[in-house]
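What follows is a single structure, written as structure tokens, with notes after it.
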Amino acid sequence: MLSGCASALPQTPFDAAGPVAQWQLDLLKLTLWFAIAIGVAVCAILLYVVWRFREKDPTDKSVPAQIQGNHKLEVLWTIIPIVILTIVSIPTVRVAFQAHASTAADAMPVRVIAHQWWFEFEYPGTDVTTANELYIPVGRDIQIALESDDVIHSFWVPKLAGKVDLIPGRINQMWFRAEREETYFGQCAEFCGAAHAQMRFRVIALPQAEFDAWLLKQQAGHPEVPTDPVAKLGYELFMGTTPAKANCLICHAVDGTKAQGAVGPNLTNFGARSTLAAGVYENTEEHLKQWIRKPSELKPGVKAMPPHPNMTEEELHAIVTYLQSLGK
Ligand code: CUA
């Protein structure tokens, strides 16, 4: 039911890919059946009453029998909702607790920090930090600690689990497990300002061995100074070592270099990412150039990323070449 065409949709809760999403989907279906039954019953009674008490004789002005209260009816329509709410509340409370923390001993912790308007992912126990693309192993519980750097956001990967808010000043918990090797689409689900709709992310579930290789690659880093002369110029512009044109390091980090800015996304292995600007655009040379030149054209309201209108085409090309060489 309901899931016939769902698998073709990238963000649907009707195609559960793990236990948490499945429990929540079952709960949704249970409440939906009750809602349909109540809706049909109410409409049927309404239609019957309209028909039964219609005006039969336009000349008849007499007042029908007047009824004051009906104890049987009142007891019935108090008891029926109590029974329905009890049936629905038991699995609701159970799933709410089950979805909070994984009981698996080997659950992998991930820290998610929301920013206006992108997601930061940290892997505790390693020094790996990424943005907007969360790599996880298939078949393993992922325990997620949710925080916010500014306003309230909401973390939602419909195929993996229901949404949980990221609230400044507190840490919320959730977990999920991806049973299928797939790229899952996520979206901030709490209005958080101008670019809320462009605050997307992806969860990439890989077999454990491929995930381990990915993690190792993130940690291994790369030679600090590129050998390619164009990428090297880009590196110098990024690090502000040539006349300060870019100085990307003020806001961004590239692990293994002196760039340790924490305002914008960590760009270590940026070249291996499939998207930029919080999952909104494909990571192509054209998009990246446009993004650096005038970020607000790609993402209205974008915070913190200043435009660089005076950069020459050659300098822009060099920075893009450097960034896309990272992690390749
Ligand atoms: Cu972040 Cu909406």
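Laboratory data are not the source of any read-out in this text; all were calculated from the coordinates shown. Nothing here was measured: the structure is a model prediction, and the numbers come from that model. Don't worry about glycine lacking a Cβ; one is built from the backbone with ideal geometry, like all the others, and counts go over all protein chains shown.
Which residue fluctuates the most in the chain, going by a Gaussian network model with Cα springs under 10 Å, if the choices are I45, I84, I204? In the Gaussian network model the winner is I45.
For the chain, take the longest principal axis of its alpha carbons; what is the angle in degrees between that and the long axis of helix 19-52, to the nearest 10 within 0 to 90? Once rounded, the angle reads 30 degrees. Rounded to the nearest 20, the size of the Cβ-charge dipole of region 255-313 about its Cα centre is 220 debye, with Lys and Arg at +1 and Asp and Glu at -1. Annotation for S296 and Y48: the two label points, set 7 Å from Cα along the Cα-Cβ direction, are 6.3 nm apart. Between amide H atoms placed 1.01 Å from N, distances below 5 Å from G186 occur with F201, R202, V203, all of them 5 or more places distant or on a separate chain. Here each label is just a point 7 Å from Cα along the line to Cβ, and for K61 and L28 those points are 5.7 nm apart.
Would you mind checking the tilt of helix 71-98 against the longest principal axis of the Cα atoms of the chain, expressed as 0 to 90 degrees and rounded to 10? The angle comes out at about 20 degrees. Given a Förster distance of 25 angstrom, what is the FRET efficiency for V40 paired with A96, based on the Cβ-Cβ distance and rounded to 0.05? Calculated transfer efficiency: 0.30.
Please compute the net charge surrounding V128, taking Lys and Arg as +1 and Asp and Glu as -1 over other residues with Cβ under 13 Å from its Cβ. Numbers along the way, then the final one.
Numbers: positive: R111, K217; negative: E120, E122, D127, E133, D212, D255.
Summing Lys and Arg as +1 and Asp and Glu as -1 gives -4.
The Cα atoms of region 100-178 cover 32, 27, 21 Å along the three principal axes, with the biggest extent listed first.
Which pairs in the list K217/K328; K299/K328; K163/K299; K217/K299; K289/K328; K294/K328 are over 20 Å apart, alpha-carbon to alpha-carbon? Correct reply: K299/K328; K163/K299; K217/K299; K294/K328. The relative contact order of region 95-174, computed from alpha carbon pairs under 8 Å that lie at least 6 residues apart in sequence, is 30 percent. Computed over all pairs of different Cα atoms, the Kirkwood value for the hydrodynamic radius of the chain is 23.2 Å. Among the trypsin sites (Lys or Arg not before Pro) found in region 236-285, those both in a DSSP coil and sparsely packed, with 12 or fewer other Cβ atoms within 10 Å of their Cβ, are K258.
What you get for region 123-188, charging only the Cβ of Lys and Arg (+1) and of Asp and Glu (-1), is a dipole of about 260 debye around the Cα centre.
Give me the dipole magnitude in Debye, nearest 20, for the chain about the Cα centre, with unit charges on the beta carbon: positive for Lys and Arg, negative for Asp and Glu.
Numbers: 27 positive and 33 negative charges, 202 e Å.
Approximately 960 debye in magnitude.
Think of the chain as a dipole: +1 on every Lys or Arg Cβ, -1 on every Asp or Glu Cβ, centred on the Cα centre; then among V49, G139, N247, V49 lies furthest on the positive end.
Each of the peptides 223-233, 314-324 was scored by the mean count of other Cβ atoms within 10 Å over its residues; in descending order, highest first, they stand as 314-324, 223-233. Placing a label point 7 Å from the Cα of E210 along the Cα-to-Cβ direction, the residues of region 138-179 with a backbone N closer than 13 Å are 138-139.
Rounded to the nearest 10 degrees, the angle from helix 208-220 to the longest Cα principal axis of the chain is 40 degrees. Considering only alpha-carbon pairs that sit under 8 angstrom and 6 or more positions apart, the relative contact order computed for the chain is 16 percent. Toward the positive end of the charge dipole of the chain, with +1 on the Cβ of Lys and Arg and -1 on the Cβ of Asp and Glu, the farthest Cα among G256, F121, Q68 is that of Q68.
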